[in-house]
Amino acid sequence: MDDKIFMKLALDEARQAFNENEVPIGAVIIDDSGILVCGEHNRIEQLNDATAHAEILALRAASRKLQRRRLTDYTLYSTVEPCAMCAGALILCRVKRLVYGVTDSKFGACESLFNVTDNPALNHRLQVTAGVLEDECRELMKNFFINRRT
């Protein structure tokens, strides 16, 4: 599977969030054969829900669509390093792999602040690939916050 192709789909979701005045984070879930299961983007403001992160919404949508709570043969692509809540949800859903674009020094829980996804105290760990289309992901976030301040 080509991580860049799927990260571009996550970036498309993030751009939708940007256009909806949400923090531009997008996530997609892909099965092991490379088929898109679902895509989501942040909807925190729209839903007035602090848990409406792109990753959480994507996990919920995939579980509903597949009618299963364990996503052991799936990869989640996120434009930004997941927070502790989202990283915990990835563990609980038994996601096989996480691929993300840019690290998050304030909230990241896969390498920046914590490493929830590879914690030996937990009963599930997932493979993590960081830095895929990092520049594009960072630029979108940067532009969002520049626009918000002006």
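Tell me which chymotrypsin sites (Phe, Trp or Tyr not before Pro) from the range 1-85 have a DSSP coil assignment and no more than 10 other beta carbons within 10 Å of their own.
Numbers: sites: PHE6, PHE18, TYR74, TYR77; in loops: none.
Filter output for the range 1-85: empty list.
Please report the relative contact order for the range 1-116, taking Cα pairs under 8 Å with a sequence separation of at least 6, and give it as a percent rounded to a whole number. Walk me through the intermediate numbers first.
Values: 247 pairs, mean separation 25.2, N = 116.
It comes to 22 percent, rounded to a whole number.
Please report, ordered by residue number, every helix of the chain (full DSSP H runs) that is 15 Å or longer along its axis going by C-alpha atoms and whose mean Kyte-Doolittle hydropathy reaches -0.5.
Membrane-span-like by this criterion, though nothing is claimed about a membrane: 3-19, 54-66.
Can you give me the accessible area per residue for the chain, using a 1.4 Å probe, in Å²? Don't skip to the end; give the middle numbers.
Values: 7730 Å² over 150 residues.
Per residue, the chain has 52 Å² of solvent-accessible surface.
Each residue of the range 112-123 in turn: what ³J(HN,Hα) in whole Hz from Karplus with 6.51, -1.76, 1.60 and θ = phi - 60°, glycine and Pro shown as x?
Listing the rounded values in order: 6, 9, 9, 10, 5, 6, 10, 7, x, 6, 8, 8 Hz.
Give the residues of the range 50-66 whose amide nitrogen is closer than 15 Å to a point set 7 Å from the Cα of SER33 in the direction of its Cβ.
Residues passing the 15 Å test: 66.
Taking only Cα atoms and a 10 Å spring cutoff, compute GNM fluctuations for the chain and point out the largest among THR117, THR72, THR103.
Sorting by GNM fluctuation, first place goes to THR72.
Excluding GLY108 itself, calculate the net charge of residues whose Cβ lies under 15 Å from the Cβ of GLY108, where each Lys or Arg counts +1 and each Asp or Glu counts -1.
Cβ neighbours under 15 Å give a net charge of -4.
Over the range 1-56, with every protein chain in place, what whole percent of the accessible area is carbon and sulfur at 1.4 Å, could you tell me?
Numbers: 1310 of 2680 Å².
C and S fraction of accessible area: 49 percent.
Determine the calculated [θ] at 222 nm for the chain from helices alone, applying -39500 (n - 2.57) to every DSSP H run no shorter than 4 residues and normalising by the residue count; nearest 500 deg cm²/dmol.
On the way: 5 runs with 59 residues, N = 150.
That calculation yields -12000 deg cm²/dmol at 222 nm.
At what distance in nm do the modelled label points of THR51 and ASP73 sit from each other, each positioned 7 Å from its Cα along Cα→Cβ?
2.8 nm
Are there trypsin sites (Lys or Arg not before Pro) in the range 86-122 that DSSP puts in a loop and that have at most 11 other Cβ atoms within 10 Å, and which ones? The partial results should precede the final answer.
Details: sites: ARG94, LYS96, ARG97, LYS106; in loops: ARG94, LYS96, LYS106.
Passing both the DSSP loop test and the Cβ count: LYS106.
How far apart, in nm, are two points set 7 Å out from the Cα along the Cα-to-Cβ line at ASN147 and at MET85?
2.3 nm
With springs connecting C-alpha atoms under 10 Å apart, model the chain as a Gaussian network and identify which of ASP12, ASP32, ASP49 has the largest mean-square fluctuation.
ASP49
Along the Cα→Cβ direction, 7 angstrom out, place labels at ARG15 and SER105. What is the inter-label distance in nm?
2.8 nm
What residues qualify as long-range amide H neighbours of ASP104, i.e. H under 5 Å apart, gap of 5 or more or another chain, H built at 1.01 Å from N?
Amide H neighbours of ASP104: GLU81, SER112.
The values are calculated or read from the model by the stated rules, or taken from the named source; none is laboratory data. Just so you know, these numbers come straight off a predicted model, no measurement behind them. All Cβ positions, glycine included, derive from the backbone under ideal geometry; neighbour counts span all protein chains shown. When the accessible area is computed, the model is the full protein with side chains, heavy atoms only, and any ligands, DNA or RNA have been set aside. Shrake-Rupley method; radii C 1.70, N 1.55, O 1.52, S 1.80 Å.
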